[in-house]
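Please treat every number below as a calculation from the coordinates, not as lab data. Note that the structure is predicted; figures quoted are calculated from it, not measured. Cβ atoms come from the backbone with ideal geometry, glycine included; neighbour counts cover every protein chain shown.
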Amino acid sequence: MDDVTDDANLILLAPQISWAYDDVKSKFPDKKVVKLSITEFGSMSGEKIAEALKKEGIE
């Protein structure tokens, strides 16, 4: 993750690694970090993920 986060504004965490949220948030305090639910992730729908991001205040 270290080698790709420099260019990222946002880090999306899949449900399988949502346990790492606090670690990722503290390691990258200037990035927005969002945990996707199993439903959002499993849907493979950009629209559902966009809705989840809007809930987090990200558009």
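At-a-glance table
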| item | result |
| --- | --- |
| Which labelled figure in (1) 57, 21, 12; (2) 28, 24, 18; (3) 39, 18, 13 is Cα extents along the principal axes in Å, once derived from the coordinates | (2) |
| 26 Å Cα-Cα reach of residue 27 towards lysines, excluding residues that sit fewer than 8 places from it in its own chain | 35, 54, 55 |
| Dipole magnitude (debye, nearest 20) for the chain, charges at Cβ of Lys, Arg, Asp, Glu | 260 |
| Degrees separating the helix 46-55 axis from the principal Cα axis of the chain, which is the longest one | 60 |
| Relative contact order computed over the chain (Cα-Cα under 8 Å; 6+ residues apart), in percent | 30 |
| Qualifying GluC sites (Glu not before Pro) for segment 6-58 [loop in DSSP, other Cβ within 10 Å: at most 16] | 56 |
